[in-house]
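Written below as structure tokens is the structure these notes are about.
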Amino acid sequence: MHCYDCAQEGRNENSGIGACTRCGLFTCADHSRIVHATVQRPIGVIPMTSARRARRLVCGSCRTAEAA
């Protein structure tokens, strides 16, 4: 699969490295961002926060929208 943003720019040579977890479009290393997310698991009625943070891959457009 090719990167959607590169295809919009007329460049089809970049392969996608993954799908954006927000919008689902394939994105390349240049157009993707890795963000960290806190993971909470319910333990009975109390949510337990994991000591480790998870990774999410998002495209540049979704990252900009999330940061605003």
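General observations
- GLY18 long-range amide H proximity, modeled H, under 5 Å: THR27
- Cut-off 12 Å between beta-carbons: net charge of the residues surrounding THR21, Lys and Arg +1, Asp and Glu -1: +4
- Rounded to the nearest 20 debye, the dipole size of the chain about its Cα centre is 460 debye, using +1 on the Cβ of Lys and Arg and -1 on the Cβ of Asp and Glu.
- DSSP beta bridges confined to the chain are antiparallel in about 100 percent of cases.
- Under Karplus coefficients 6.51, -1.76 and 1.60, residue-wise ³J(HN,Hα) of the range 41-49 in Hz, glycine/proline x: 10, x, 10, x, 9, 9, x, 9, 8
- The portion of the accessible surface of the chain made up by carbon and sulfur, rounded to a whole percent, is 53 (1.4 Å probe; DNA, RNA and ligands excluded).
- Surrounding net charge for ASP5, when Lys and Arg each add one and Asp and Glu each subtract one, Cβ distance under 15 Å: +1
- Pairwise Cα inverse-distance average, inverted: Kirkwood Rh of the chain (Å): 13.3
- Accessible area per residue, Å², the chain with all protein chains present, probe 1.4 Å: 74
The values are calculated or read from the model by the stated rules, or taken from the named source; none is laboratory data. Quantities reported herein were computed from a predicted structural model and do not represent experimental measurements. Because the Cβ atoms are built from the backbone with ideal geometry, glycine has one as well, and the counts that use them run over all protein chains shown. Note: accessible area is taken over every heavy atom of the protein model, side chains too, but ligands, DNA and RNA are not part of it. Shrake-Rupley method; radii C 1.70, N 1.55, O 1.52, S 1.80 Å.
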